[in-house]
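Each reported figure results from applying straightforward, stated rules to the coordinates on display, with no laboratory input. These numbers come from a predicted model, not from an experiment. Cβ placement follows ideal geometry from the backbone for every residue including glycine, while neighbour counts extend to all protein chains displayed.
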Amino acid sequence: MSIRRFAVALAIALAVIGAASVAYAQTQPAAQLRTPDVIFVPTPPEVVAAMLNAVKLTKNDVLYDLGCGDGRIVITAAKEYGTRGVGIDIDPQRIKEANENAVQAGVTDKVTFLLQDLFESDFHEATVVSLYLLPSLNLKLRPKLLKELKPGTRIVSHAFDMGDWPPEQTIDVDGRTVYMWTVPKAGGTK
Ligand SMILES: C[S@@+](CC[C@H](N)C(=O)[O-])C[C@H]1O[C@@H](n2cnc3c(N)ncnc32)[C@H](O)[C@@H]1O
């Protein structure tokens, strides 16, 4: 074999190996970043509806669900209100489910799901943030919410409050509680 033929054969072999490696990587689940701070417990549909209603969601909002689970809050917002949404979850299985659910709901043009630690994520573009975490996680997250979100951004939480930051609204939905706050102007923060 001439050197030229050998070089062409080598280039083809490397291209085939490269393509096979990419295909293999795409079939593998993404590595978990670290253990979730709270397990996945989905918010029931009627509570999702009450949360989106509490913040008076519009199609001009940008909704971030921090710890998005199977994506139901941002998917419902996209379907019912036409709102763009981003879901963040630390568990690759949840992100996989959320992406599948978005395809099924026909809203992949409106929603994005990111495999990230919510405490490390950049959510400053949000105009609405939804949470269903734990009391301790809400308190841990509160300084980041108040520092990074624009004044006027609405925060809605299923089940858990923000300690001594009193909610603007508290709604009972069949025995479950929804809390809502608005990020104040700088200087008025907790
Ligand atoms: C109680 S579930 C709520 C799911 C969804 N927001 C809902 O209301 O249906 C909490 C979610 O937070 C995720 N989670 C826990 N710790 C996290 C972290 N540090 N960063 C991102 N997601 C996290 C879990 O994987 C889980 O899916």
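Between THR108 and ASP37, the FRET efficiency estimated from the beta carbon spacing at R0 = 22 angstrom works out to 0.20. Put a dot 7 Å past the Cα of GLN93, heading toward its Cβ, do the same for ASP164, and the two dots end up 4.0 nm apart. For the pair SER136 and VAL62, label points projected 7 Å from Cα toward Cβ lie 3.2 nm apart. Residues LEU33, LEU131, ranked from the fewest to the most other C-beta atoms within 10 Å, line up as LEU33, LEU131. Pairs from the table (LYS56/LYS144; LYS59/LYS96; LYS144/LYS185) lying more than 21 angstrom apart at Cα are LYS56/LYS144; LYS59/LYS96.
Taking amide H as placed 1.01 Å from N in the peptide plane, the amide H of VAL173 sits under 5 Å from that of VAL178, each at least 5 places away or on another chain. Evaluating 6.51 cos²θ - 1.76 cosθ + 1.60 at θ = phi - 60° for every residue in region 89-99, the Karplus couplings come out as 9, 8, 9, x, 5, 5, 5, 4, 4, 4, 5 Hz, glycine and proline recorded as x. A cut-off of 5 Å between modelled amide H atoms, ignoring neighbours fewer than 5 places along the same chain, links TYR64 with VAL86, THR127, VAL128, VAL129, SER130.
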